[in-house]
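The values are calculated or read from the model by the stated rules, or taken from the named source; none is laboratory data. Because the structure is a prediction, the values reported are computed rather than measured. Positions of Cβ are generated from backbone atoms using ideal geometry, with glycine treated the same way; all protein chains shown enter the neighbour counts. Ligands, DNA and RNA are excluded from the accessible area calculation, which covers all protein heavy atoms including side chains. Shrake-Rupley method; radii C 1.70, N 1.55, O 1.52, S 1.80 Å.
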Amino acid sequence: MKKKWFSLVSFVMILSLFLAACSGNKQQTSTPKNDSNGEATSEPKAGGVVTYAVDQAPEGFFDPAFLGSLIDSEVQKFMTEDIYKVDDNLKYVPNLATWEISEDKKTYTFKLKQGVKWHNGEELTVEDWKYALEVLAHPDYDGPRFNYVENIVGAKEMKEGKADHISGIEVIDPYTMKITFNEVRINNLENLWPTPMPRKHYEGIAVKDLSKSDQVRKNPVGLGPFKVKSMKPGEYIEFERFDDYWQGKPLLDGVVVKVIDPSVAAGALEKGEIDLLAIRPADLEQVSKIPHVRVEEANGVSYSYVGLRFGHRDQKAMKSVADFEKFKDQNLRHALLYAINRDALVNAYMAGKAKVTNTVIPSTFWVAADPKELNDYKYDPEKAKKLLKEAGYVDKDGDGFVEDPSGKKFTISFGHYAGPATFEGRAQAIIQSWRDIGIDAKLATGSLIEFNLYNEMKDNDDPSLEAFFGSWYVGADPDPTALWGSHAEWNYGRYVDEEGDALIKETSSEKAFDDAYRKEAFVKWQKHFNEKLWALPLWEVIDLYAVNNRLQGVHINALTSLNDVHKWYVAE
């Protein structure tokens, strides 16, 4: 997954976006109670280095404004800090700043903590945050985060080159700043970019050059508990303790983020080479047998889907252009989902550690629709064939595969990124599902695609990705705008759905300050998406983590295992 927050994320990043009440959420917390022998540990102590592993190479951005993958987001949790954070109940709470909201709910006044230091010794001021917000609104900004400032008064004017600053930002003093939004929305805060930039560190670098600069790529400066000491792209990043961290000196001397091949993850855990790793379901059985490793799971905020191509993105106008008609027939889209045995895929390739879903709002959210309110799309290849026939997709030349309604050969080029061995099986299973109902489907480029290249192909609307496997990390605010809004940068399908956009807007409108109204608005949009099927929902992911017992203080919730990393310590 590339963007979000976020997403692919978003996360990213990206990348924002999750619940307000966490009913039914299965969260786990690793508390410093036992050592590797099961005996009570002493009080947390200082010293030691631990290894955190990732099984995809980061893209190499050390400023959140430019990242596009969840992997980079994880890496940055060791070295960055935000204005707010999200607690275990998925509520946004103060971190670097507190805030007050005006009576008309449009203006937020933020008050920064004083004495917070950047890794270069400079003190954090609101000018650093203002600078970050205006970088995102700059016409030359080449990252994917403009949506985090576009609701501020004057941000669009700056983006269009009609202004040289965001008029809705007012600096009161070095620690106080007012931000005024265009309209009242219940999640204005959640959709506001929270990460300051080290203004003086970036001094003299043009916005168009920032993402490629050494300051972002090789010599980053952050506010977090650890600072970059050394790195070897594609292999490791070494962090060392930042003694002037605003929440107190971290306990560990450092953390090494190590890139590993997924096929050796279990072995590395067994040998003690890794202290913490988000594991894939295929490794669960083997990892569970390692005596010095504990496995923890949480109902998370990620899901997987099959994206469908409807057009391309006009980057200059920042709009989707729906000019690719292959999937315009709704019955065809329904048939594609009915054809996939999602339960079988979950059992075969995810060890049962996922839940089939028919919506793109994970069930962890209180605004998720009741499954009974949605079309189920339970595996039914005969129904899929019937829908194809009704839509005019029939086999006219007797080769076993359908032609489209105009009589032309109909094929689907399906893309999937590279990873563990199970990814190949999963991709081929989806392709075979469509071939079984008479659709000539094939693997784009003939093989799985390297992760970062795959993300670039989606960004650039590569024509070989007519359909593609995607994953999205929602975050703490369930607002679907960043991925499913018609003109969102991460709407990789590039569909245009004005009715859906209007329904999405209602989920964050002034009326949505009423919980019942907001829930109803979310359900209406989910029903609409569930019927339109602009993408094919597959499953929600259950997050799995392997933790070496020597590593204590790890706190896992629905969002991440990288909470309060300054409190981690080694129990030998």
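Before moving on, here are some points about what is shown:
- In the set (1) touching a strand residue (DSSP E or B) at 6+ places or on another chain (Cβ under 7 Å); (2) at pLDDT below 95; (3) closer than 30 Å to Y338 by Cα, the condition left unmet by R313 is number (2).
- Matching residues in region 529-547 - criterion: being out of contact with any Gly (no Cβ under 6 Å at 6 or more places or on another chain), open to solvent by less than 10 Å² (accessible area, probe 1.4 Å) and not in a helix (DSSP H, G or I): L533, L536, P537, L538, W539, L544, A546, V547
- Considering residues of region 33-60 that are open to solvent by less than 30 Å² (accessible area, probe 1.4 Å), outside any loop (DSSP other than H, G, I, E, B) and within 24 Å of V221 (Cβ to Cβ) only, the residue modelled with the lowest pLDDT: V54
- Whichever residue in region 65-75 is more than 17 Å from N557 (Cα to Cα) and at pLDDT below 95 and, among such residues, is surrounded by the most Cβ atoms within 10 Å (Cβ to Cβ): L67
- Answer residue from region 325-350, given it is over 30 Å from D543 (Cα atoms) and part of a loop (DSSP other than H, G, I, E, B) and is least open to solvent (accessible area, probe 1.4 Å) among those: F327
- Of everything listed in (1) open to solvent by 10 Å² or more (accessible area, probe 1.4 Å); (2) in contact with a helix residue (DSSP H, G or I) (Cβ under 7 Å, 6 or more places away or on another chain); (3) at pLDDT below 95, the single unmet condition for S471 is (2).
- Positions within region 258-279 being touching a Lys or Arg at 6+ places or on another chain (Cβ under 9 Å), surrounded by fewer than 23 Cβ atoms within 10 Å (Cβ to Cβ) and part of a loop (DSSP other than H, G, I, E, B), in sequence order: G272, E273
- Residue under evaluation L90, criteria (1) surrounded by 19 or more Cβ atoms within 10 Å (Cβ to Cβ); (2) at pLDDT below 95; (3) of a type outside the set (S, T, N, Q); (4) not in a loop (DSSP other than H, G, I, E, B), criterion not met: (4)
- Residue identified as assigned to a loop (DSSP other than H, G, I, E, B) and not polar (S, T, N, Q) among G470, G493: G493
- Yes/no for A317 being of a type outside the set (F, W, Y) and at positive phi: no
Quick grid of which residues meet (1) under 30 Å from L465 (Cβ atoms); (2) within 20 Å of the chain's Cα centre (by Cα):
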{"residue": "G272", "(1), (2)": "no, no"}
{"residue": "E297", "(1), (2)": "no, yes"}
{"residue": "V306", "(1), (2)": "yes, yes"}
{"residue": "M318", "(1), (2)": "yes, no"}
{"residue": "E325", "(1), (2)": "yes, no"}
{"residue": "A344", "(1), (2)": "yes, no"}
{"residue": "T357", "(1), (2)": "yes, yes"}
{"residue": "V367", "(1), (2)": "no, yes"}
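- Any hit, region 44-60, residues being in contact with a strand residue (DSSP E or B) (Cβ under 8 Å, 6 or more places away or on another chain) and of a type in the set (F, W, Y): yes
- Restricting attention to region 549-568 and to residues that are among the polar types (S, T, N, Q) and open to solvent by less than 10 Å² (accessible area, probe 1.4 Å), the residue that is nearest to T359 (Cα to Cα) turns out to be N557.
- Count of residues meeting criterion [among the β-branched types (V, I, T), closer than 22 Å to Q330 by Cα and either open to solvent by 70 Å² or more (accessible area, probe 1.4 Å) or more than 33 Å from the chain's Cα centre (by Cα) (or both)] in region 386-445: 2
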